[in-house]
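The structure under discussion appears below in the form of structure tokens.
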Amino acid sequence: MSRVTFIIANKSFIVRRGLVLTIEEIPKLEVVKEIDNERNFFRDINKLKPDFVIINYDFYKSLDVNDFNSKIERSKSKIIKLIDRNKDEDFLNEADYCIDINEAKSNIINQIKDIVAPLLKTEKINSTSSVLSNREKDVLRYIALGLTNQEVADKLFISIHTVVSHRKNITRKLDIHTVSGLTIYAVLNKIIDIKSL
Amino acid sequence: MIFTKDMKMADLIHKNYLLLSIISRFGILLGFGDKSVEEVCNEYKVNTYFFLEIVNSCSNENYFTDVQLKHFSIHSIVGYLRKTHKFYINQIVPEIQCLITNLYQNCFKQKENVKLLLNFFDEYKNELTIHVNREEDVVYPYVLNIEKAYETKKISDELFEQMKNYSISDYLNEHSNIEEKLLDLKNLIIKYLPPTADFKYRNKVLVKLFQLEKDVNDHSRIEEKVMAPKILNMEKSLLSHFSNDNQNSTDE
Ligand SMILES: [Fe+2]
Ligand SMILES: [Fe+2]
């Protein structure tokens with residue numbers, strides 16, 4: 001049974017604990033990490049790839065970046081900004097969702113439920129997505145044989161851009177990041193023959 | 001839980017058995033009875049506060065280690081990092097290698113598959129060795145020299161020249177990710193190597209891989225978030241101090 005995961009980025013211990021307790025009252029939701037300082041923020045997000053990141057103004061400000069979205073792109077996480085309507089804070093207009101810290105408990109829970117609903121519904125469809133498509137298998141075969149992106153593109157008559165995006169998908173689906181790791185996967189799954197190496 | 005100097009050393013291990021390897025790294029041997037952390041550290045001439053920073057940062061995800069560790073000298077930090085390298089190269093890596101070899105020898109059906117894993121780990125070992133050697137031979141001596149120059153306010157011409165071509169920021173740029181292959185190996189064993197009856201060695205390999213990965217993570221964090229920023233500051237101050245010095249030989 002898959003879960004919906006959260007990371008909470010907030011400097012206040014009390015606020016973080018409050019959010020954790022609230023979120024974990026909802027079945028299938030889990031806070032995988034609380035982040036209390038900006039130091040390893042991007043590294044943690046991209047490593048843990050949570051479904052959602054909840055961040056407030058104070059924390060966002062301390063990150064001091066203007067390309068926030070591109071920096072967390074790899075994680076595919078959605079952003080929920082935690083705001084305080086009594087303060088005039090303007091930040092992260094691109095955030096996917098917004099929660100007001102002053103809301104009553106039941107309202108906050110309902111909002112979160114709404115936010116995660118699409119993910120819980122598509123659970124079944126996603127569970128088969130770790131299977132590689134035929135095209136991805138083609139790409140994987142050539143990568144395993146040691147071809148460069150350009151060479152793979154030439155062999156398959158596709159653009160190098162497409163090869164790169166296939167590679168990204170393969171790595172994401174399999175959770176294998178190095179070429180030698182992919183090669184072993186390919187052998188284990190009979191995508192290439194061990195003798196051809 | 002945050003460990004403190006008055007706790008019993010034995011309790012640290014009861015709370016987090018992964019500290020075993022870290023305690024040995026400091027040269028501390030088991031059999032310390034009910035002595036406190038401070039008593040044991042004194043006995044082994046280990047700086048209690050430095051020891052506590054390391055064990056706390058390895059035990060608590062959210063522990064503010066980077067801030068605290070900055071108070072310790074590069075000398076002690078590098079000393080610890082070197083001991084950790086030794087632990088990798090002399091202990092845990094050979095152990096894992098031995099376990100994968102056992103797995104290989106004890107499986108009948110898919111020997112050629114396990115052989116691939118053995119080769120993969122061999123590759124990893126080479127990568128790690130190159131990484132470690134580079135740090136031991138180039139980076140650590142450099143940072144120790146920088147600290148010495150910073151403290152004595154004396155800089156050799158050689159070091160001054162070296163600083164023109166190399167800075168710790170180069171290290172940060174070139175510092176390679178040595179966890180990726182470990183992650184892959186874990187996934188290959190957990191998800192993709194077809195089921196084998198001999199789960200015993202397979203599980204053992206995994207447990208060790210998790211341990212190594214965690215340790216490497218903590219280690220790299222100290223290198224990147226503690227050692228490097230400290231040196232960066234020292235470099236800046238040295239450069240401004242001695243560049244002025246060259247023009248008009250001031251005192252101090
Ligand atoms: Fe190192
Ligand atoms: Fe390193």
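The values are calculated or read from the model by the stated rules, or taken from the named source; none is laboratory data. The structure presented is a predicted model; accordingly, all values stated were derived computationally and were not measured. Because the Cβ atoms are built from the backbone with ideal geometry, glycine has one as well, and the counts that use them run over all protein chains shown. Note: areas computed on protein heavy atoms with side chains; ligands, DNA, RNA excluded. Shrake-Rupley method; radii C 1.70, N 1.55, O 1.52, S 1.80 Å.
The apolar share of the surface of the protein assembly as shown, taken as the fraction of accessible area on carbon and sulfur atoms (1.4 Å probe, ligands and nucleic acids excluded), comes to 51 percent.
Please get the size of the charge dipole for the range B:9-59, origin at its Cα centre, with Cβ charges of +1 on Lys and Arg and -1 on Asp and Glu, quoted in debye to the nearest 20. Could the numbers behind the result be given before it?
Values: 4 positive and 6 negative charges, 37 e Å.
That gives a dipole near 180 debye.
Placing unit charges on the Cβ atoms only, positive for Lys and Arg and negative for Asp and Glu, gives the range A:1-122 a dipole magnitude near 540 debye about its Cα centre.
Anisotropy class assigned to the protein assembly as shown is rounded, per the alpha carbon gyration tensor with a/c under the 1.5 cut-off. Computed from the C-beta positions of B:E161 and B:S237, the FRET efficiency with R₀ = 22 Å rounds to 0.75. Accessible area of A:E25 (1.4 Å probe, protein heavy atoms only, ligands and nucleic acids ignored): about 110 Å². Taking each residue in B:180-187, count the Cβ atoms of any other chain within 10 Å of its Cβ, then average. What number comes out? Counting other chains' Cβ atoms within 10 Å and averaging over B:180-187 gives 5.
Our coupling estimate for the range A:23-39, obtained by passing each phi through the Karplus curve with A = 6.51, B = -1.76, C = 1.60 and θ = phi - 60°, is 5, 6, 6, 8, x, 6, 9, 8, 8, 8, 7, 10, 10, 10, 8, 6, 3 Hz, Gly and Pro reported as x.
Of the peptides B:211-219, A:93-101, the ranking by mean beta-carbon count within 10 Å, highest at the top, reads B:211-219, A:93-101.
Scalar couplings 3J(HN,Hα) for the range A:61-77, obtained by applying the Karplus form with A = 6.51, B = -1.76, C = 1.60 to θ = phi - 60°, are 4, 6, 5, 6, 10, 10, 10, 3, 4, 5, 6, 10, 3, 4, 7, 6, 6 Hz; x denotes Gly and Pro. Rounded to the nearest Hz, the phi-derived 3J(HN,Hα) couplings of the range B:226-237 under the Karplus curve 6.51 cos²θ - 1.76 cosθ + 1.60 (θ = phi - 60°) are 10, 5, 4, x, 4, 5, 4, 5, 5, 4, 4, 5, where x marks glycine and proline.
Amide H contacts of A:D100 (H built 1.01 Å from N, in plane; Pro and chain starts excluded): A:I83 sit under 5 Å, all sequence-distant by 5 or more or on other chains.
Candidates B:N113, B:L185, B:I231 compared by Cα position along the dipole of the protein assembly as shown: farthest toward the positive end lies B:N113, with charges placed on Cβ.
Summed over the residues of the protein assembly as shown and divided among them, the accessible surface reaches 53 Å² per residue at a probe radius of 1.4 Å.
Pairing chains B and A buries close to 2100 square angstrom of accessible surface in total, based on protein heavy atoms and a 1.4 angstrom probe. Can you flag which of A:K47/B:K214; B:K15/B:K186; A:K61/A:K81 are past 18 Å Cα-Cα? Going by Cα-Cα distance, B:K15/B:K186 fall outside the 18 Å limit.
Residues whose amide H falls under 5 Å from that of A:V31, counting only those 5 or more places apart or on a different chain, are A:F6, with hydrogens built in the peptide plane.
When only alpha carbons are used to place a centre, the range A:56-117 and the range A:144-176 end up 35 Å from one another. For chain B, state what percent of all Cα-Cα pairs lands in each successive 10 Å bin, counting from 0 Å until the bin that includes the largest distance. Here the calculated profile for chain B is 6, 26, 27, 23, 12, 4, 1, 0.
Annotation: amide H-H contacts under 5 Å for A:I192 (H modelled 1.01 Å from N, sequence separation of 5 or more, or interchain): A:V187.
Using the crude model of +1 on Lys and Arg Cβ and -1 on Asp and Glu Cβ, and no other charge, please compute the dipole size for the range B:73-251 relative to its Cα centre, in debye to 20. Numbers along the way, then the final one.
Working: 24 positive and 27 negative charges, 217 e Å.
The calculation lands at about 1040 debye.
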